[in-house]
Amino acid sequence: MKSVLHFIFICLLFFAFGCKKDTDIISTETIHGQVYNICNDSGLANIPVYLQENGSNIAQTVSGVNGNFSFTNVKVHSAGAYSYAIYIYWHGAASPAIDGASVPVPNFPTTLNYVVKVMPRLYDWRIYCPNTTFLPTDTFSVVFQQNILHNNLSNPNNNIWTVSETCPCTYGATNYLGSLSNFPAGMWQVTLRRTKNGVHTLQTDSFYVGWGATQTDTLFW
């Protein structure tokens, strides 16, 4: 009998405390962070930053020097029914383009500095070879890449663009090679492998293409 009563007592304790509601404590916090440009490893100023509660914006600020920002006097709920995040919106090429991001914020006081990593993109970068005389046997291969100078860009589609052609003259009188549109802004390393008049050569160069820029450059042939 005592064993049965003991079991019932344990069950009552379980239901009494196990069904206890999630206590909600509201605290006032200051949340610090930085908008970080992964294309050149630096802070990015003048970017709208939002603090969200359960997916809705409850505060807004703009990043300052070195991309730093702060939300002050923020009311944060401790209950699990509430979730918080720092959010930067994605914008298309006309804005100019930037890949936004979000970082979760815990429901309890913290002194962490939240880093929100974004990717600004160029608008259009057009590449030409100078007008010259080509032989049918002339060949070239041009590789544009950021993954050497900016290894934050782990997606190969964001890092490398390749142009290969057996005869540059097929591009017509302007010798237009092509363009990079909406690729990540920043410093691009260019490698040109060519065969001209039977002579093989290798050239390298670098170009900086800014955020939202429309730019034209010529590769020396």
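Points to keep in mind about this one:
- Gly80 meets the conditions (1) part of a loop (DSSP other than H, G, I, E, B); (2) under 21 Å from Pro48 (Cβ atoms); (3) not polar (S, T, N, Q) in every case but one. The failed one is (2).
- Within the span defined as the range 33-47, one or more residues are modelled with pLDDT of 95 or more and over 30 Å from Ser181 (Cα atoms).
Conditions (1) closer than 26 Å to Gly210 by Cβ; (2) surrounded by fewer than 12 Cβ atoms within 10 Å (Cβ to Cβ); (3) not polar (S, T, N, Q), marked per residue:
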{"position": "Thr30", "(1), (2), (3)": "no, yes, no"}
{"position": "Ile38", "(1), (2), (3)": "yes, no, yes"}
{"position": "Val65", "(1), (2), (3)": "yes, yes, yes"}
{"position": "Ser70", "(1), (2), (3)": "no, no, no"}
{"position": "Ala85", "(1), (2), (3)": "no, no, yes"}
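- When restricted to residues that are touching a residue at least 40 places away in the same chain (Cβ under 8 Å) and among the aromatic types (Phe, Trp, Tyr), the range 83-107 contains 1.
- Among residues of the range 180-198, those that are within 21 Å of Arg121 (Cα to Cα) and either of a type in the set (Lys, Arg) or touching a Gly at 6+ places or on another chain (Cβ under 8 Å) (or both), counted: 1
- Only one of Val62, Val76, Val115 that is more than 30 Å from Phe220 (Cα to Cα) and in contact (Cβ under 8 Å) with a residue 60 or more places away in the chain: Val115
- Test: residue in the range 43-52 that is outside the structural domain of Met187 (by TED's automatic domain parsing) and exposed (fewer than 12 other Cβ atoms within 10 Å of the Cβ): yes
- Elements of type strands (runs of 3 or more DSSP E) in the range 136-184, at least 1 residues being at pLDDT 75 or above and out of contact with any Phe, Trp or Tyr (no Cβ under 9 Å at 6 or more places or on another chain): 139-145
- Test: Gly80 is of a type outside the set (S, T, N, Q) and over 12 Å from Gly33 (Cβ atoms): yes
- Residue match in the range 53-71 (condition: among the charged types (D, E, K, R), out of contact with any Lys or Arg (no Cβ under 8 Å at 6 or more places or on another chain) and part of a loop (DSSP other than H, G, I, E, B)): no
The values are calculated or read from the model by the stated rules, or taken from the named source; none is laboratory data. All of these numbers come straight from a predicted model, not from anything done at the bench. Because the Cβ atoms are built from the backbone with ideal geometry, glycine has one as well, and the counts that use them run over all protein chains shown.
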